[in-house]
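The values are calculated or read from the model by the stated rules, or taken from the named source; none is laboratory data. This structure is a prediction, so every number in the text was calculated from the model and none was measured. Positions of Cβ are backbone-derived with ideal geometry, glycine not excepted, and every protein chain shown enters the neighbour counts.
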Amino acid sequence: MGKPDTKVKGSIEIDQELCKGCQICISFCPKDVISPSDRLNASGYLPVLLDDSGVCTGCAICAVVCPEVAIEVYRG
Ligand code: SF4
Ligand code: SF4
């Protein structure tokens, strides 16, 4: 028996300099694993970070809604 697809885990990488801190990705993430950073980036925005809790599914919703294309999604 193979592993069920529901076990597939994902991860994201957020480009801290591209991110403008709009937090749209936070409101759309179904797993609630993105949160604001407390460090300003070079442009003066507060970028967001992935909580490293391992529950990101790699669904890519965050990447799709990000207006800055600052999120890269990895699966598996
Ligand atoms: S890939 Fe999906 S689960 Fe992972 S951070 Fe983005 S929206 Fe959330
Ligand atoms: S949607 Fe994009 S620009 Fe907005 S906070 Fe998330 S990563 Fe940053």
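Details
- Test for residue 20: is it more than 13 Å from ligand 2 (Cβ to nearest atom) and modelled with pLDDT of 95 or more: no
- Selection from segment 19-45 of residues that are among the charged types (D, E, K, R), over 19 Å from residue 9 (Cβ atoms) and either in contact with a strand residue (DSSP E or B) (Cβ under 7 Å, 6 or more places away or on another chain) or within 14 Å of ligand 1 (Cβ to nearest atom) (or both): none
- Whichever residue in segment 21-43 is under 19 Å from residue 67 (Cβ atoms) and of a type in the set (Val, Ile, Thr) and, among such residues, is surrounded by the most Cβ atoms within 10 Å (Cβ to Cβ): 34
- Meets criteria (of a type outside the set (Phe, Trp, Tyr) and farther than 19 Å from residue 74 by Cβ) for residue 24: yes
- Condition check for residue 40: in a loop (DSSP other than H, G, I, E, B), over 22 Å from residue 76 (Cβ atoms) and either within 10 Å of ligand 2 (Cβ to nearest atom) or of a type in the set (Asp, Glu) (or both): no
- Boolean, residue 13 is outside any loop (DSSP other than H, G, I, E, B) and more than 6 Å from ligand 1 (Cβ to nearest atom): yes
- From 48, 73, 65, residue being within 7 Å of ligand 1 (Cβ to nearest atom), on the phi < 0 side of the Ramachandran plot and touching a residue at least 12 places away in the same chain (Cβ under 8 Å): 73
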